[in-house]
Amino acid sequence: GDSVTQMEGPVTLSEEAFLTINCTYTATGYPSLFWYVQYPGEGLQLLLKATKADDKGSNKGFEATYRKETTSFHLEKGSVQVSDSAVYFCALSVQGAQKLVFGQGTRLTINP
Amino acid sequence: DAGITQSPRHKVTETGTPVTLRCHQTENHRYMYWYRQDPGHGLRLIHYSYGVKDTDKGEVSDGYSVSRSKTEDFLLTLESATSSQTSVYFCAISDDKARNQPQHFGDGTRLSIL
């Protein structure tokens, strides 16, 4: 079946550090891939998405590239801020389906 | 922000009691979803709806039922709540105007079953 695996957290970094959160997937079709972010006490917000191989999604300084050959969609940011502290979820939606499959989430804490 | 309202936002109840959570949307989206969020599991789909009176099960549907009598409302019912259903519940919506549209989430309901 379809599944998403994220790097285990929690991840703690200093402000202005480089961030990578790994995400790999298994899918039977041709998935679209998403990163969602959840701030404390809130619901999930779409951060970025990519719908086909080699697409790069980007938003708020975050980037992720859809790598079909490695079935990966790693999230990166060049210089993190304290305000980026949140839980990040990788997810996939298989073509033709309207359901998302989520990874377990990675808690990120940025220290000043 | 997408117009999604979940109610109640917090609820504490006892084992064996019925509980109904409500999700209301103002976006006229076709699809609505209920998830539960638990540590180490991410979000898991309970049930979803693809139109009025059209619903289907997700991966963790046992012990839950849903109803959608209007486009804007999607209800999740725990007929007889158990402690294992203590969780944070999220409603989400999406439209079908294009393939693989992202889902938009409500702020969640924190449910505690004592």
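Summary table below
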read-out	value
For B:35-41, mean number of other protein chain Cβ atoms within 10 Å	3
Cβ neighbours within 10 Å from other chains - mean over A:29-37	2
Karplus-derived 3J(HN,Hα), 6.51/-1.76/1.60, for each residue of segment B:18-34, Hz, glycine and proline x	x, 9, 10, 10, 10, 10, 10, 10, 10, 9, 6, 7, 6, 9, 9, 9, 10
Cβ crowding within 10 Å averaged over residues, with A:42-55, A:67-80 ranked highest first	A:42-55, A:67-80
Unsatisfied cross-links (Cα-Cα over 31 Å) in the set A:K68/B:K53; A:K56/B:K53; B:K11/B:K57; A:K77/B:K11	A:K68/B:K53; A:K56/B:K53; A:K77/B:K11
Chain B: most fluctuating residue of B:E72, B:E27, B:E59 per GNM, C-alpha cutoff 10 Å	B:E59
For chain A, size of Cβ-based charge dipole, Lys and Arg +1, Asp and Glu -1, in debye	300 debye
For the protein assembly as shown, with +1 on Lys and Arg beta carbons and -1 on Asp and Glu, the positive-most of A:S58, B:I46, A:I21 along the dipole	B:I46
Prolate/oblate/rounded call for chain A, Cα gyration tensor, a/c under 1.5 rounded	prolate
Normalised alpha carbon radius of gyration of segment A:1-60 [divisor 2.2 N^0.38 Å]	1.29
Chain B: equivalent-ellipsoid semi-axes (sqrt of 5 x gyration tensor eigenvalues, Cα, Å)	23, 14, 13
Charge tally in the Cβ shell below 12 Å around B:S87, where Lys, Arg are +1 and Asp, Glu are -1, B:S87 excluded	+3
Environment charge of A:L19, counting only residues whose C-beta is closer than 9 Å and scoring Lys/Arg +1, Asp/Glu -1	-1
Within 10 Å of each Cβ in A:39-47, the average number of Cβ atoms from other chains	5
Charge context of A:G61, other residues only, Cβ under 11 angstrom, K/R +1, D/E -1	-1
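Where a number appears in this text, it was derived from the coordinates with a stated rule and is not lab data. Nothing here was measured: the structure is a model prediction, and the numbers come from that model. Counting neighbours? That spans all protein chains shown, and the Cβs are built from the backbone with ideal geometry, glycine included.
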